[in-house]
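Here's a structure for you.
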Amino acid sequence: MLRILHGLPGLFAVVFLATLAVTGSILALAPALDRAGAVVPPAGDVSVAQMAGRVVSNYPGTEQIVRDLSGQVVVYYSRDGQAGANRVNPVTGERLGAYQPSAFFVWIRDLHRSFLLDTPGRMVAGISAALMLLICLSGMVLLARRSGGWRALMRPLAGTGSKRVHAEIARLAVLGLLLSALTGSFLSAQRFGLLPEVSDPGPGFPAKVSGGQPRPVDQLQALSEVDLNDLRELVFPYPDDPQDVYSLTTTGGSGFVDQATGELLQFQPRSTGSVVQQWIMRLHTGEGLWWLGLILGVAALGVPALSVTGAIIWWQRRRSSVQVQDNVTVAEADVVVLVGSEAGATWGFTRALQTELTKAGFRVHCAEMNALAHSYPRAAMLFVLTSTYGDGDAPASARQFMTRLRDFRAGSALKYAVLGFGDRQFPNFCQFALEADEALAGKGLSRIQPVELIDRCSAARFSEWGDRLGTAIGTPLSLSHDPVPPRTFRLELAQRVDYGLAVQAPTSILRFRLADAGQGWRSWFFRARRHSLPAFEAGDLLGILPPQEGQDARFYSLASSASEGVFEICVRKQPGGLCSGYLHGLKPGDSVEAFIRQNPGFRPATGTVPVILIGAGAGIGPLTGFIRKNTARNPMYLYWGGRSANSDFLYQPELGHYLKDRRLTGLSTAFSRSDERAYVQDRLRQDERALRKLVETGAQVLVCGGRDMAAGVKQVFEEILQPLRLEVDDLRVQGRYLEDVY
Ligand SMILES: Cc1cc2nc3c(=O)[nH]c(=O)nc-3n(C[C@H](O)[C@H](O)[C@H](O)COP(=O)(O)O)c2cc1C
């Protein structure tokens, strides 16, 4: 909902908002330019009487002197029957130049206030300002959520691409935009009579005037008592009319001055309402506050950039979002289905469930677990279907679920059931589904039926679960969903580099290319075909089908990306390991059957935040891939543990090269079967302070390798984070602690 509130007005109003913002930032320059051209004596140096005397000696026909909030003084005079207006130096009374408001600024102001369309344009401008206010407020809440709370709002952000740029600009610009939008909406509402406008009626003309011989203006007592910097306007009496008076407006109020006695008559202090009104105007225009004007101007310049990045995010989300047909809103739903998924497989099962429930007459709302609402007013049933990632962790679309659950208000009628999707090859089988189930029970919800776990997307188990669920809710459900097997392709081993034999840790770097890629036109053809492969990045997974019939695929993290044209993996031969043994037996030219599985949850952040890469053994594969791609030379530190520097120092020459060309900022290694007998955790402990500093500056941590190593690393990080009052889970929620563990 919040996202819709943030995005929709932005999309509709993008042209108007961009116009308001660009014109606003140009107008914001005016106070600074006016201030630069103005002569402003220190307070107490020049009185209004002194200034007026000097001006009159240069302009005997002075009719009015106006001082604007920037300090610019303008004299209006008549000479030989001709009216004129000049900017003057208030200290000397001399002419600085003709007063001619810039036609350009006047045009820009009209564009800003009314899109050059008079009343309808003013209305659109007012509505745009109100939309801006809505976008700023909803954006701040989204930003706070994304950063992990209001207090973390200014902490460095992780994340990539447009989302990151959008969030960074928003953070810098939001206060300025909020102020402009708030004051702009207020002024518009006043203009259209929605809010009362406060203006002082001004004092009545004095009933008694001395009518005596006028004194020179610089000898009038009341004017000597007003500092020049407090003056707004001084209107001179008609010449040769002893009954007329000076009319004086200052920052404190307005009144009249007797031209013979110099006495202040009928002075009326400015009301609080009028002072507030003037401040609102100043806070909107920056008039008299040139520095604020510049801040508002720079903030407004962020709007076009925010519009473009916002539109890109919206488009990407639309493209990647799983389209659920017949999805009803949170308010209407009597059944809610929440989905935790990383690579999308669980969504297929969700759609099957949703279709069946809808057929049975339920009004079903489906959403990702991160979108858990504050409450579901009408819902009686909640189903959670979730996979597990990393080492028993939440998948990407469920990372914020536990945090959001804290504020969840469950109605007493709401019952739930959890269905976990996972893979028994992982020791923490469906761990996150089990945790979600416990957490919901902890919120006082009762189960429709106990949590069930599905191994490797088994269609049969899903259907059985559906049967049991149907019985439990009294509505037969016939669930069937058989995920399409991945499209496989043949890869040919092009090169292998072997390590670790001497230390009983045989590990090989294997580089494959598409089989039959051939030479000449054939190579061109297959290169073209390569583009129909799913794009892959270092950190994605290569699924390899072992040659034995009926064996499940084994996954290896890729160290290369599609643009390199090779499929590079790093494989340690496991004792008795079927697939690793098979891969270690391959000779160049041999081929394997494989497919790509994306793993977008394990990628380094783009931008300038430091990245700390930690791994052991073959876990170095994807980490090296990240370093290889770091051509922007962002700070990247690698901590890696092996057995012996002489035998299994994987990628040693490449890492030396990356250190030299600064793709890698720092390298720290630990070898457990050498004299140092150290593990990667020991190196982290040694660098505890430096690592804490990096985390404080927003660093992201990526861990890849065996689960014992990952558990040890996590423990060390808990110690490192303790003085910062942070836990690894806090970083996880922010996408700043990622694991690829096997
Ligand atoms: C990198 C990676 C880590 C995984 N970790 C676990 C795990 O710890 N426990 C588990 O039961 N399944 C694990 N799985 C298996 C997934 O949960 C399973 O494939 C699931 O069906 C994926 O569903 P999704 O595509 O909706 O995310 C992992 C899969 C991958 C690729």
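Which cross-chain or sequence-distant (5 or more) residues have an amide H under 5 Å from the amide H of Val245, H modelled 1.01 Å from N in plane?
So Val245 has HN proximity to Tyr238.
State the percentage of accessible surface on the stretch 611-741 attributable to carbon and sulfur atoms; use a 1.4 Å probe and exclude ligands, DNA and RNA.
Percent of accessible area from carbon and sulfur atoms in the stretch 611-741: 44.
OK, next. Given the pairs Lys163/Lys714; Lys163/Lys573; Lys415/Lys714; Lys163/Lys587; Lys163/Lys415, which span a C-alpha to C-alpha distance of over 32 angstrom in this model?
Flagged as over cut-off: Lys163/Lys573; Lys415/Lys714; Lys163/Lys587; Lys163/Lys415.
What aspartates and glutamates could a cross-link reach from Lys359, if we take a straight Cα to Cα line under 19 Å and drop same-chain neighbours fewer than 8 places away?
Straight-line reach from Lys359, under 19 Å: Asp326, Glu332, Asp334, Glu464, Asp467.
How high is the FRET efficiency from Asp729 to Asp423, r the C-beta distance, R0 22 Å, rounded to 0.05?
Calculated transfer efficiency: 0.45.
By how many nm would the segment from Asp240 to Glu718 grow when fully extended, if each residue of separation counts as 0.36 nm and the alpha-carbon distance is taken off?
Length gained, Asp240 through Glu718: 163.4 nm.
Check Phe267: other-chain or 5+ apart residues with amide H under 5 Å from its amide H, H built from backbone geometry?
Phe256
With θ taken as phi - 60° and the coefficients 6.51, -1.76 and 1.60, list the Karplus ³J(HN,Hα) couplings across the stretch 729-742 in order, rounded to whole Hz; mark glycine and proline as x.
In residue order, the calculated couplings are 5, 4, 5, 4, 4, 7, x, 10, 9, 10, 10, 10, 10, 9 Hz.
On average, how much accessible surface per residue is there in the chain, in Å², for a 1.4 Å probe, leaving out ligands, DNA and RNA?
Accessible area per residue: 48 Å².
How far apart, in nm, are the 7 Å Cα→Cβ label points at Ala502 and Ala441?
5.4 nm
In sequence order, what are the phi-derived ³J(HN,Hα) couplings for the stretch 538-546 according to the Karplus relation 6.51 cos²θ - 1.76 cosθ + 1.60 with θ = phi - 60°, rounded to whole Hz, with x for glycine and proline?
4, x, 6, 10, 9, x, 10, 8, x
Long-range amide H contacts for Ala616: which residues qualify at under 5 Å (H placed 1.01 Å from N, peptide plane, sequence gap of 5 or more or a different chain)?
It is Gly641, Cys704, Gly706, by chain and number.
Does a label point 7 Å from the Cα of Ala260, set along Cα-to-beta-carbon, have any residues of the stretch 193-216 with amide nitrogen under 16 Å, and which are they?
Label zone hits: 206-216.
What aspartates and glutamates could a cross-link reach from Lys443, if we take a straight Cα to Cα line under 17 Å and drop same-chain neighbours fewer than 8 places away?
Here the aspartates and glutamates satisfying the reach criterion relative to Lys443 are Asp407, Glu435.
Please report, in whole Å, how far the alpha carbons of the chain spread along each principal axis, starting with the longest.
Principal-axis extents of the Cα atoms in the chain, largest first: 118, 67, 57 Å.
Percent relative contact order of the chain, based on C-alpha pairs within less than 8 angstrom and at least six residues apart?
10 percent
Pop out the carbon and sulfur fraction of the accessible area of the stretch 49-157 as a percent, whole number, probe 1.4 Å.
Carbon and sulfur atoms account for 57 percent of the accessible area of the stretch 49-157.
Okay, next question. Distance in nm between label sites at Ala645 and Arg677, each 7 Å beyond Cα in the beta-carbon direction?
1.8 nm
Further question on the same structure: Pop out the ³J(HN,Hα) list for the stretch 332-341 in order, Karplus 6.51 cos²θ - 1.76 cosθ + 1.60 with θ = phi - 60°, rounded to Hz; leave Gly and Pro as x.
So the Karplus estimates, Gly and Pro as x, are 8, 5, 9, 10, 10, 10, 10, 10, x, 8 Hz.
Over the residues of the stretch 322-473, compute the C-alpha Rg and express it relative to 2.2 N^0.38 Å.
This ratio for the stretch 322-473 stands at 0.94.
Using a/c under 1.5 as the rounded threshold, could you call the stretch 611-741 rounded, prolate or oblate? The axes a ≥ b ≥ c are square roots of the C-alpha gyration tensor eigenvalues, and prolate needs a/b larger than b/c, oblate otherwise.
Oblate is the answer for the stretch 611-741, as a/c is 1.5 or above yet b/c matches or exceeds a/b.
Sticking with this one: Provide, in order from the shortest bin, the percent of all Cα-Cα pairs of the stretch 334-390 in each 10 Å bin, continuing until the bin that contains the maximum pair distance.
23, 54, 21, 2
The values are calculated or read from the model by the stated rules, or taken from the named source; none is laboratory data. Please read all numbers here as calculations on a predicted model, not as lab measurements. Counting neighbours? That spans all protein chains shown, and the Cβs are built from the backbone with ideal geometry, glycine included. Remember, those area values only see protein heavy atoms, side chains included, never the ligands or the DNA or RNA. Shrake-Rupley method; radii C 1.70, N 1.55, O 1.52, S 1.80 Å.
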